[in-house]
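Trainee: A single structure is presented below for examination.
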Amino acid sequence: MKKYIKFLMTGGLLILSVGCKKNLDLVNKNAYTYDTFFTSDAAVNQAVVATYAGLLHTGLWAREWYFTFDLLGYDAKNNQPLVGDLLQLAQYNFGPDQNQVTETWAALYQIIARANVVIDRAQTAWKPANATETTDQTQYIAEAKFLRAYAYFQLVNLYGRVPLRTKFIEQPTAAEINLGRSPVADIWAFIEQDLKDAEAGLPVSYSSGNYGRATQGAAVALLGKSYLYEKKWASAQSELTKLTQAPFSYALAPVYNDLFDDPNQDDPAKNPETIFQVMNQKWTDWGIGNQYYVFGGQETWGGKATHSDRAQEYGFNDWNNVHITTTAVKAFTYANPQNPSANYVDPRAAFTFYGDAASGGQTQYCQQCSTGPVDYPYAAKGYEWLKYEYYNKQSSFGGPQSGINGQVIRYADVLLMLAESYIQQGNTGAQPLALINQVRSRPSVNAPLYTSLGSQANAMNILMRERQLELTGEESRYFDLIRWGIAKQTINAERQVEDGTQPFLDKNVLFPIPLAEKNANSAVAKDITGDWN
């Protein structure tokens, strides 16, 4: 998606003055308004792309998203340079005025607001002129519904009951502005319907100029994931199974780390595993944009962000704000599935972190540098992040702008969710076994295969470990632990061993409703007792 990334959601009236009172009443007929702008294919497309752009705004994938959920899921732990509000996240010491809690809420509702405008204007203001434009109209509405569903999926999982804003209202009443929180069941029902509509209206694939847009497969995957989170196991199984069949052709990337550093990650033909990703740098015609946007830089400094700064912030030879946890590292060593009396070190360790040979971590970096490989200084650095880093290509990144795309849903995740849908229904036989083994048998991993999953409890333990190993550092574990109902016991046990704390409290299963929302919305404020949710 390399064009039209301008936010032209509303137009203003330009009042011209040339020193004459009469001219003060003139309206510039060349200026766009809400009623006059969204009347062409190009204009509605710009609005759709602007809705995707919300994914890279403060609170989401430009910076806050990966810090928040790697820290809360205890894949990452703070290094000394990490201070302030991010340190509060690492310590579970935050409240309704927390920056990240507020920014994530605001960014998700921004996506919803833009999606609502697209759906409204595409249906009422734009009259397609031909069959091609009619097809585009269907696609644009479906894309907006997918993005709206994505935003509500995150909101309902993070905050529980939230205001359900389902349409654009040009002149809202006080009651519509101060909208109360809807029941969780109503939010899930709305997500499901949006994704069903998106699935019906989205194409299976796009031409190269539109890589990154939501496909039919993305809608199927998010709907199946929604069913899984709702514990609708049979529906999840049915929906996710679609992705293993025609017309879809998803497959595991032969080289695991190609998902996190390869220049061909944008191309589905060369990277068949990605189902939906946040496109960094190559997404738009903005170029690299303002690299300090995510630290409060203004647009006048050089444009909006079109990238993540994760490589710089996590990198051991750069800012090194966080480490991978020892807990996450140790998870890669476990009983060999084919010889339970012997420990086995999972090969995915070498694609996930730098460490020593005993841990399975990568022991060299700069493999593709002109100087040749460099031994990783484990004695001085300890365990550090490799995933989403450039250190195979250069010794130091040197700037907070990364073009490595953020993986939102990929095929390995789908295969493991599908396996879980079987196991949660009591089926621990051939189907879930084959799905788990398919992930383990990726050519660059080639881990020993399980011969059986055993009881339902044992099968779930295997599934949980597979998700942890496969998705470490992909902001998945926090959500998994919450939905499995084991977040408090798991996080506190791990933290007790590693740093002597037990920071997870009962209230932490949800985020607090942001103070800014309570201050702005009287209906929400009345619905909350105390400082939490």
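The values are calculated or read from the model by the stated rules, or taken from the named source; none is laboratory data. Keep in mind the model is a prediction, meaning the values are calculated, not measured. Here Cβ is always computed from backbone atoms with ideal geometry, including for glycine, and neighbour counts include all displayed protein chains. Surface accessibility is based on the protein's heavy atoms, side chains included, excluding ligands, DNA and RNA. Shrake-Rupley method; radii C 1.70, N 1.55, O 1.52, S 1.80 Å.
Trainee: Does the chain come out rounded, prolate or oblate, given a ≥ b ≥ c as the square roots of the eigenvalues of its C-alpha gyration tensor, rounded meaning a/c under 1.5 and, failing that, prolate meaning a/b above b/c?
Mentor: prolate
Trainee: Heavy atoms only, probe 1.4 angstrom, no DNA, RNA or ligands counted: give me Val255, Val497, Val162 ranked by accessible area, highest first.
Mentor: So the residues, ranked largest to smallest area, are Val497, Val255, Val162.
Trainee: May I ask you to give the percent of accessible area on the range 86-136 that is carbon plus sulfur, with a probe radius of 1.4 Å?
Mentor: Details: 920 of 1970 Å².
Answer for the range 86-136: carbon and sulfur cover 47 percent of the accessible area.
Trainee: While we're here: Which aspartates and glutamates have a Cα lying under 15 Å from the Cα of Lys145, excluding residues fewer than 8 positions away in the same chain?
Mentor: Within the straight-line cut-off, Lys145 pairs with Asp120, Asp136, Glu192, Asp194, Asp197, Glu199.
Trainee: If you roll a 1.4 Å probe over the range 378-533 with all protein chains in place, what percent of the accessible area is carbon or sulfur?
Mentor: Roughly 51 percent, rounded to a whole number.
Trainee: Please give the per residue accessible area of the range 374-531, computed with a probe of 1.4 Å over protein heavy atoms only, in Å².
Mentor: Normalised by residue count, the accessible surface of the range 374-531 is 37 Å².
Trainee: Within the chain, what's the longest stretch lacking trypsin sites (Lys or Arg not before Pro) that sit in DSSP loops with no more than 13 other Cβ atoms inside 10 Å?
Mentor: On the way: sites that count: Lys3, Lys21, Lys29, Lys167, Lys231, Lys270.
With a cap of 13 other Cβ atoms within 10 Å, the longest stretch comes to 271-533.
Trainee: Then there is this: Calculate, for the range 119-186, the solvent-accessible area per residue in square angstrom, rolling a 1.4 angstrom probe over the heavy atoms of the protein chains.
Mentor: Accessible surface, normalised per residue, equals 44 Å².
Trainee: Now for a separate question. So, in Å, what gap is there between the alpha-carbon centers of the range 313-378 and the range 232-280?
Mentor: 24 Å
Trainee: If you don't mind, there's one more thing I want to ask. Could you tell me which of Thr102, Leu471, Tyr314 has its Cα farthest along the dipole of the chain towards the positive end, charges placed at Cβ (Lys, Arg +1; Asp, Glu -1), taken about the Cα centre?
Mentor: Farthest towards the positive pole: Thr102.
Trainee: Placing +1 on the Cβ of each Lys and Arg and -1 on the Cβ of each Asp and Glu in the chain, which of Ile423, Tyr140, Phe504 has its Cα farthest towards the positive end of the resulting dipole?
Mentor: Toward the positive end, the furthest listed residue is Tyr140.
Trainee: OK, next. Rounded to whole Hz and in sequence order, give me ³J(HN,Hα) for the range 268-278 from the Karplus expression 6.51 cos²θ - 1.76 cosθ + 1.60, θ = phi - 60°, writing x for Gly and Pro.
Mentor: For the range 268-278, the Karplus curve yields x, 5, 9, 10, x, 8, 5, 9, 8, 9, 8 Hz.
Trainee: Which of rounded, prolate, oblate describes the range 336-430, given a ≥ b ≥ c as roots of the alpha-carbon gyration tensor eigenvalues and a/c under 1.5 marking rounded, otherwise prolate only if a/b is larger than b/c?
Mentor: Note, shape of the range 336-430 comes out oblate.
Trainee: Give me, ordered by chain and number, the residues 5 or more places off Val408 or on other chains with an amide H under 5 Å from its own placed amide H.
Mentor: The list, which skips near neighbours in sequence, is Phe276, Gln277, Val278.
Trainee: If you take the square roots of the eigenvalues of the alpha-carbon gyration tensor of the range 28-93 and sort them as a ≥ b ≥ c, do you get rounded (a/c under 1.5), prolate (a/b over b/c) or oblate?
Mentor: Prolate shape, in that a/c is at least 1.5 and a/b is the bigger ratio.
Trainee: Right, another one. Accessible area, 1.4 Å probe, largest first: how do Asp194, Asp267, Asp527 sort?
Mentor: Order by accessible area, largest first: Asp527, Asp267, Asp194.
Trainee: May I ask for the Kirkwood hydrodynamic radius of the range 396-533, worked out over all distinct Cα pairs and given in angstroms to one decimal?
Mentor: When all Cα pairs of the range 396-533 are included, the Kirkwood radius is 18.2 Å.
Trainee: Additional query: Considering only protein heavy atoms, what is the solvent-accessible area of Thr333 at a probe of 1.4 Å, reported in Å² to the nearest 10?
Mentor: 50 Å²
Trainee: Explain nothing, just the number: dipole magnitude of the chain about its Cα centre with +1 on each Lys and Arg Cβ and -1 on each Asp and Glu Cβ, in debye rounded to the nearest 20.
Mentor: 680 debye
Trainee: I would also like to ask the following. Using only Cα atoms, find the angle between the long axis of helix 216-229 and the longest principal axis of the chain, and express it within 0 to 90 degrees, rounded to the nearest 10.
Mentor: Its long axis makes an angle of about 70 degrees.
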